[in-house]
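As structure tokens, the structure follows; a few thoughts come after it.
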Amino acid sequence: MRANRAVRLGLLVLVCAAAGWALHTHWGQAREALLDLPPWAPPAAVLAGMAGLAAQMMAWRALLAGLGSPLPRRVAARVMFVGQLGKYLPGSVWAFVAQVELARDHAVPRTRGAAATLLAVAVTVATGLAVAAVALPLSSAEAARRWWWALALAPLLLAALHPKVVAWGLGLAARPFARFREVAESGSLDVGGRAITAAVAWTLIAWIPLGAHLWVLTWAVGGDPLSSLGPAVGAYALAWTLGLLVVFAPAGLGVREAVLVVALAPVVDAGAALVLAVLSRLVMTVADLAWAGTGLLASRSRPGPHGSAQAEESNRPT
């Protein structure tokens, strides 16, 4: 038990250090541009980013509840936002593992935690591409032409969120893992259409403030507030989604910036677009750290001494 706690504490320190280093790096890159912004812009952008992340957390929580492990909002926030700091380490697997292990502390079996997180990623990708497919062709023809293949996948991925397709996909993903396969075949990982619908709705809502944070920054550097709204929302949805798919890049580093520079070309010049990409990265890192800190402070509950074991046992097929 002590060794397990020591490993977890070490991992927490590591991911916090990685996120802190990312914040330091982006501050160094964006310091001058940030100081040139109107005083209202940075806090408004951070609050918008935090609102988007909160809606994403609600989507993950809805999926977890649909799988049979509902969590209070404060607990879900702690699990997701602290676990998500793992994305600042190379390889998205760290955020995945951290989130599953933190959820297990609150009697969520690893199988359910893993399934909810995989489904949340699928919902994020499908809705992100759908939002970009609607917004970018109307506002950034170059971005739509360059990443047409990603936008074309949007309707297929949305259709794949049907509960029957989701059940088949989870069963396919479970095949290499004996324990996961056993649980999937028992039907314990079936998630209803209501939970998936709720997750899709929350994630669609999330793209509005997430795009708004970039729109605020674009407006603050001189972009037209009307013509920049569509490119900002569509660009950020596509940038986030493609960055999520490139698993070896910490938090999509480099991928997001490349997409944003192209997609924002209709409203700002290339130099300003690059500055906006760096500012966006800084703002979202602050939002991640703010939510992680809030989650740690707001939820200090501990599972019972046998909570995790009971949850795993209840997940065994009879």
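The values are calculated or read from the model by the stated rules, or taken from the named source; none is laboratory data. Quantities reported herein were computed from a predicted structural model and do not represent experimental measurements. Note: ideal-geometry Cβ built from the backbone for every residue, glycine included; neighbour counts use all protein chains shown.
Of the numbered criteria (1) under 20 Å from Leu282 (Cβ atoms); (2) over 17 Å from the mean Cα position of the chain (by Cα), the one Pro72 fails is (1). Hey, does region 220-240 have a residue that's part of a helix (DSSP H, G or I), surrounded by fewer than 18 Cβ atoms within 10 Å (Cβ to Cβ) and not basic (Lys, Arg)? Scanning region 220-240, I find no residue that is part of a helix (DSSP H, G or I), surrounded by fewer than 18 Cβ atoms within 10 Å (Cβ to Cβ) and not basic (Lys, Arg), so the answer is no.
State which residue is nearest to the chain's Cα centre (by Cα) when the search covers only region 279-302 and only residues that are modelled with pLDDT under 85 and buried (at least 17 other Cβ atoms within 10 Å of the Cβ).
Gly295
When Val267 is tested against (1) hydrophobic (A, V, I, L, M, F, W, C); (2) within 24 Å of Trp148 (Cβ to Cβ); (3) in a helix (DSSP H, G or I), just one condition goes unmet, and that condition is (3).
Per this entry, Ala159 is counted among residues that are aliphatic (A, V, I, L, M), surrounded by fewer than 19 Cβ atoms within 10 Å (Cβ to Cβ) and over 25 Å from Gly223 (Cβ atoms). Of the residues making up region 51-74, those that are farther than 20 Å from Leu118 by Cβ and either surrounded by fewer than 22 Cβ atoms within 10 Å (Cβ to Cβ) or without any contact (Cβ under 8 Å) to a residue 24 or more places away in the chain (or both) number 5. Scan region 60-91 for residues that are of a type in the set (Gly, Ala, Ser) and out of contact with any helix residue (DSSP H, G or I) (no Cβ under 6 Å at 6 or more places or on another chain) and the total you get is 3. Restricted to region 124-167, the set of helices (runs of 4 or more DSSP H) holding at least 2 residues that are in contact with a strand residue (DSSP E or B) (Cβ under 6 Å, 6 or more places away or on another chain), of a type in the set (S, T, N, Q) and without any contact (Cβ under 8 Å) to a residue 12 or more places away in the chain is empty.
When Ala48, Ala59, Ala98, Ala116 are checked against the criterion of being within 11 Å of the chain's Cα centre (by Cα) and not hydroxyl-bearing (Ser, Thr, Tyr), Ala59 stands alone in meeting it.
Gln99: part of a helix (DSSP H, G or I), within 22 Å of Val200 (Cβ to Cβ) and without any contact (Cβ under 8 Å) to a residue 24 or more places away in the chain, yes or no? Yes.
Conditions tested, residue by residue: (1) touching a Gly at 6+ places or on another chain (Cβ under 6 Å); (2) farther than 25 Å from His162 by Cα; (3) modelled with pLDDT of 85 or more; (4) among the small types (Gly, Ala, Ser).
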position: Ser186; (1), (2), (3), (4): no, no, no, yes
position: Asp190; (1), (2), (3), (4): no, no, no, no
position: Arg194; (1), (2), (3), (4): no, no, yes, no
position: Val200; (1), (2), (3), (4): no, no, yes, no
position: Ile208; (1), (2), (3), (4): no, no, yes, no
position: Ala212; (1), (2), (3), (4): no, yes, yes, yes
position: Val221; (1), (2), (3), (4): no, yes, yes, no
